[in-house]
């Protein structure tokens, strides 16, 4: 049977993937998204690419595993990475998610999705809950999410409301008020940038890694 091995010299790239060296086996492994594979020169074959595209259209996140011989990345003669496995990961959208989005929209709130996932997967998930495709911001790294919040605050539709004016004062006349729901980990900078921040765990209406923005 398979024998587990423990890696060393772990390297993490937020929003991309992981790398680990396995000294006992004299190899290096990477696992992550397609961009992580591309950065390491791991070519995705035609059949694998077709499978990944099909998964994305099914609202699934794709993860790839690649291996190379040797543990020295800087060696000019280092062997290339070879993709050995493909994975599809999906969190089921809660049954009442579409109703929540619909009620927010009925109150004049614009609903957005911001995610590090690929665009096709993000749009498939957004479609399932009623978020317009043009309101999907995908393939965003964790540190970039706060910038997207600030962008929405500048360009979002502004509405006058005495209720919100009492809470936010003159700022309401200057820009859009943005609320964000996130998991509170990678989304911490974005939550801090939002006017209203809601950090949720596994009991959220939406999957943890697909936070949703509501702007007004």
Suppose we keep only residues that are part of a helix (DSSP H, G or I) and touching a residue at least 24 places away in the same chain (Cβ under 8 Å) within segment 74-104. Which one would you say is nearest to residue 6 (Cα to Cα)?
97
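Somewhere in segment 56-73, is a residue outside the structural domain of residue 141 (by TED's automatic domain parsing), free of Cβ contacts under 8 Å to residues at least 24 places away in the same chain and closer than 24 Å to residue 138 by Cα?
no
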Taking the condition in the same structural domain as residue 149 (by TED's automatic domain parsing), surrounded by 14 or more Cβ atoms within 10 Å (Cβ to Cβ) and closer than 26 Å to residue 148 by Cα, does residue 122 pass?
yes
Determine which single condition residue 96 fails, assuming it passes every other condition in (1) surrounded by 13 or more Cβ atoms within 10 Å (Cβ to Cβ); (2) modelled with pLDDT under 95; (3) closer than 27 Å to residue 178 by Cα.
(1)
For segment 1-34, what are the residues that are closer than 17 Å to residue 84 by Cα and touching a residue at least 60 places away in the same chain (Cβ under 8 Å)?
33, 34
Output the number of the condition that residue 165 fails; it satisfies all remaining conditions of (1) surrounded by 15 or more Cβ atoms within 10 Å (Cβ to Cβ); (2) farther than 29 Å from residue 62 by Cα; (3) touching a helix residue (DSSP H, G or I) at 6+ places or on another chain (Cβ under 6 Å); (4) modelled with pLDDT under 60.
(1)
Residue 73 passes all but one of the listed conditions (1) at pLDDT below 90; (2) under 20 Å from the mean Cα position of the chain (by Cα); the exception is number (2)
Number of positions in segment 56-68 that are part of a loop (DSSP other than H, G, I, E, B) and touching a strand residue (DSSP E or B) at 6+ places or on another chain (Cβ under 9 Å)
2
Scanning segment 60-70 for residues that are out of contact with any helix residue (DSSP H, G or I) (no Cβ under 7 Å at 6 or more places or on another chain) and either modelled with pLDDT of 95 or more or surrounded by 18 or more Cβ atoms within 10 Å (Cβ to Cβ) (or both), the one farthest from residue 124 (Cα to Cα) turns out to be 68
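The values are calculated or read from the model by the stated rules, or taken from the named source; none is laboratory data. These numbers were taken from a predicted model, which means no experiment stands behind them. Because the Cβ atoms are built from the backbone with ideal geometry, glycine has one as well, and the counts that use them run over all protein chains shown.
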